[in-house]
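Nothing in this text is a laboratory measurement; each read-out follows from the coordinates by a stated rule. Nothing here was measured: the structure is a model prediction, and the numbers come from that model. Ideal geometry is used to build each Cβ from the backbone, glycine not excepted, and the neighbour counts take in all protein chains shown.
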Amino acid sequence: MSQMTAVQVSGPGGAFETVNRQVPEPGPHTVRIKIEACGVCHSDVFVKEGHWPGLHYPRVTGHEVAGVIDAVGSDVTMWKKGQRVGVGWHGGHCGQCVSCRRGDFMGCQSFQVTGFQEDGGYAQYMIARSEAVAAIPDALSAVEAAPILCAGVTTFNSLRHSEAKAGDLVAVQGLGGLGHLGIQFANKMGYHTVAIGRGQDKEALALKLGAARYLDTDTTNAASELTKMGGASVILATAPNSKSMSELIDGLGVGGKLLVVGASADPITVTPIQLIGARRSIQGWPSGTARDSEDTLNFCALTGIRPMVETFPLEQAAAAYDRMMSGKARFRVVLTMGG
């Protein structure tokens, strides 16, 4: 049995360790992916620090995986060796609980997150359940595809289910890993896109990504400006800052929705009065299924949307993670695999 390089966390709060492991063999209903790239997502902190129930260690994390199928387990009919594929947050579902029987696989009671319950993409190979695999179009490289499988599908899928119509005012809070993709999606979906961030230095990029206007919260009251523009149908909140989200609620128009995808542990503060009079709402949104990931990848291939990335070799996963956590990275950090 051949060996592979993997980067694991030995326990909650432990350091990333580069280790040699046996290349895993696929079982029934699974495939083995020879990984070419894996994005480093802020949600990897849940595994790194042990902030997720029921985790077992050592664990290889990583849920923005792009590569090629190099082995197929028994009973797999829809995937073949040599196909370019990826795996995102959605790592598998049971197919038998009430949510699954309704077709809501993201609501599965036994939902499996890639790189949480089983090993993920900080390695040269991984095993993936067949229902969690998404095909990658040829127009996208593995490095480009990897962040789209989490940051991309989360912003694209939430916006397309938001009920906003073409021409509606849609604001995107944050210009980070999710936000810089959200602005591009909102623009290509035909929304009147407004970007909201901190600092005037981000304006040029926001406009380049497709925003019609940039609101700098250091110098302007973004909610008031949105109200002057008629109020937002949707504010896509991507930066994990609950205080910043709370300050935007008054910028929603009648029937407007604060669409929350930036994960923060702090409470969002809102009064009933803010919600009642204008029929405003606050909604969370997880990423999406493998099919949603394919829709997102294909939309990117069609429209030219791409993530902005910095790459690190797998062996420098610790440095890559620190770069992501510092907030100074160029939007998405992606690990690349040798061998």
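Listing HIS56, HIS63, HIS93, HIS161 from the residue with the fewest other Cβ atoms within 10 Å to the one with the most, what is the order? Walk me through the numbers on the way to the answer.
Numbers: HIS56 8, HIS63 27, HIS93 22, HIS161 13.
Final ranking by Cβ density, sparse to dense: HIS56, HIS161, HIS93, HIS63.
Per-peptide packing, taken as the mean over residues of other Cβ atoms within 10 Å, places 291-298, 231-238 in the sequence 231-238, 291-298 from highest down.
Net charge dipole, the chain: roughly 500 debye, given to the nearest 20, about the Cα centre with Cβ charges of +1 for Lys and Arg and -1 for Asp and Glu.
Here the contact order of segment 173-230, divided by its residue count and restricted to Cα pairs under 8 Å and six or more residues apart, works out to 31 percent. Computed from Cα atoms, the angle from the helix 179-188 axis to the main principal axis of the chain rounds to 70 degrees.
Summary value for segment 162-284: 23 percent relative contact order, contacts being C-alpha pairs under 8 angstrom separated by 6+ residues. Is the C-alpha gyration tensor of segment 159-257 telling us rounded, prolate or oblate? Criteria: a/c under 1.5 is rounded; beyond that, a/b larger than b/c is prolate, otherwise oblate. Rounded, since a/c falls under 1.5. Per-residue Cβ neighbour counts within 10 Å put SER2, SER246 in the sequence SER2, SER246, beginning with the fewest.
Which angle between 0 and 90 degrees, to the nearest 10, do you get for helix 317-326 versus the longest principal axis of the chain when only C-alpha atoms count? On a 0 to 90 degree scale, this one is about 10.
Would you mind checking which residues have amide H under 5 Å from ARG330's amide H? H placed 1.01 Å from N; only 5 or more apart, or other chain. Here the answer is GLU310, since their amide H atoms fall under 5 Å of that of ARG330. Partners of LYS34 within straight-line reach, counting lysines whose Cα lies under 16 Å from its Cα and excluding those fewer than 8 residues away in the same chain: LYS80, LYS81.
Please give the length that would be gained between SER141 and GLN200 if that part of the chain were fully extended, namely 0.36 nm times their separation in residues minus their C-alpha to C-alpha distance (nm, one decimal). Don't skip to the answer; put the middle values down first.
Numbers: separation 59, 0.36 × 59 = 21.24 nm, distance 3.21 nm.
Gain on extension, SER141 to GLN200, equals 18.0 nm.
Only Lys, Arg, Asp and Glu carry charge here, each on its Cβ (+1 for the first two, -1 for the last two); on that basis segment 162-284 has a dipole of about 280 debye about its Cα centre.
Neighbouring Cβ atoms within 10 Å as the yardstick, rank CYS94, CYS38, CYS100 fewest first.
Details: CYS94 14, CYS38 38, CYS100 18.
Listing CYS94, CYS38, CYS100 from fewest to most nearby Cβ atoms yields CYS94, CYS100, CYS38.
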